[in-house]
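The values are calculated or read from the model by the stated rules, or taken from the named source; none is laboratory data. Since the structure is predicted, the reported quantities are computational estimates derived from the model, not experimental observations. Glycine also receives a Cβ, built like all others from the backbone with ideal geometry; neighbour counts cover every protein chain displayed.
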Amino acid sequence: MNLRTTLMAAVACVTMAAAANAVPVSGQISLNGYAQAVGSVGMGAATGISFANASGTSVSGNSGQLSSYGASSGSFASLGACASTTGCGTIQNISSFASQGALNGFLTLATTNGSTVSFDLTSITNVTRPGSDQIGFTANGFINYTGFDRTAGTFNLTAQGNNITSFSATTLAASATSVPEPASMALLGGSLAVIGMIRRKKA
C-alpha cells in the first residue's frame, strides 16, 4: 500500500470518528419558578431550597416545577419559550448547600419539539448571601440535550424573600467543553491502530 492510500485511509477513519461525535451544547436559557427556604423562613439564612409547583404553592416530595423558561440563545433557541401554571419542567430540591451530593436529572425541561433537555448537578459552589433575605448559588454539572454531546455547564440561581418566593435562574453551557462519547473514542483509537498496522506492513 503506497503513502497516498495510507493517507486516504487515515482521512477516512478520522472523518468517521468525527461524524460519530455530535456537537457540544452552546448558549444559555433563562428559567423561573417558586421556592421555599429550608432551615429558615427567609432565603438569606436558608441552608437548602425546596422547590414549589408552577402556581407558587408548596408541594410534597423531592422536586417542584418550573413556571417558565425562555430568553434562549445558541443551542437552546430552538426550544422556544414556555409559561404555564401546570409546569414547564421539573427541578429537584437542594437539601443542603454545604453537603448536597450529585443529582442526576436535577433539572428536566418539558419541551414540545421532541427534544430531551436535562441538567445533571455534580457540585454546588459560590453560595452568596448579598442581603438578609437573598441567596444565590452556582451549580456545576452536565447538560444532556438530544442531538448534542453531553456538555459541561453551570446552573445559576438567585432568590429573594420569605416563605414561598419566586426565583430566577440561568443554565449556561460551556460550549468549548464536551465529554466525548465512548463509542467515538473507541472508533478513533481503532482507526489510529489500523493506520499504524498499515505503516508497519509497508515498512
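At a glance:
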| item | result |
| --- | --- |
| Count - residues of region 99-120 that are among the polar types (S, T, N, Q), surrounded by fewer than 18 Cβ atoms within 10 Å (Cβ to Cβ) and more than 13 Å from the chain's Cα centre (by Cα) | 4 |
| Condition check for residue 124: under 14 Å from the mean Cα position of the chain (by Cα), in a strand (DSSP E or B) and modelled with pLDDT of 95 or more | yes |
| Within region 121-137, considering residues that are surrounded by fewer than 19 Cβ atoms within 10 Å (Cβ to Cβ) and either among the basic types (Lys, Arg) or touching a Leu at 6+ places or on another chain (Cβ under 9 Å) (or both), the one nearest to residue 42 (Cα to Cα) | 129 |
| Index of the failed condition, residue 35 passing every other in (1) modelled with pLDDT of 95 or more; (2) on the phi > 0 side of the Ramachandran plot; (3) not basic (Lys, Arg) | (2) |
| Single match in 96, 50, 68 (criterion: at pLDDT 95 or above, over 18 Å from the mean Cα position of the chain (by Cα) and assigned to a strand (DSSP E or B)) | 50 |
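Residues checked against (1) surrounded by fewer than 19 Cβ atoms within 10 Å (Cβ to Cβ); (2) at pLDDT 95 or above; (3) among the small types (Gly, Ala, Ser); (4) in contact with a helix residue (DSSP H, G or I) (Cβ under 6 Å, 6 or more places away or on another chain):
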{"residue": "139", "(1), (2), (3), (4)": "no, yes, yes, no"}
{"residue": "145", "(1), (2), (3), (4)": "no, yes, no, no"}
{"residue": "149", "(1), (2), (3), (4)": "no, yes, no, no"}
{"residue": "166", "(1), (2), (3), (4)": "yes, yes, yes, no"}
{"residue": "169", "(1), (2), (3), (4)": "no, yes, yes, no"}
{"residue": "175", "(1), (2), (3), (4)": "yes, no, yes, no"}
{"residue": "178", "(1), (2), (3), (4)": "no, no, yes, no"}
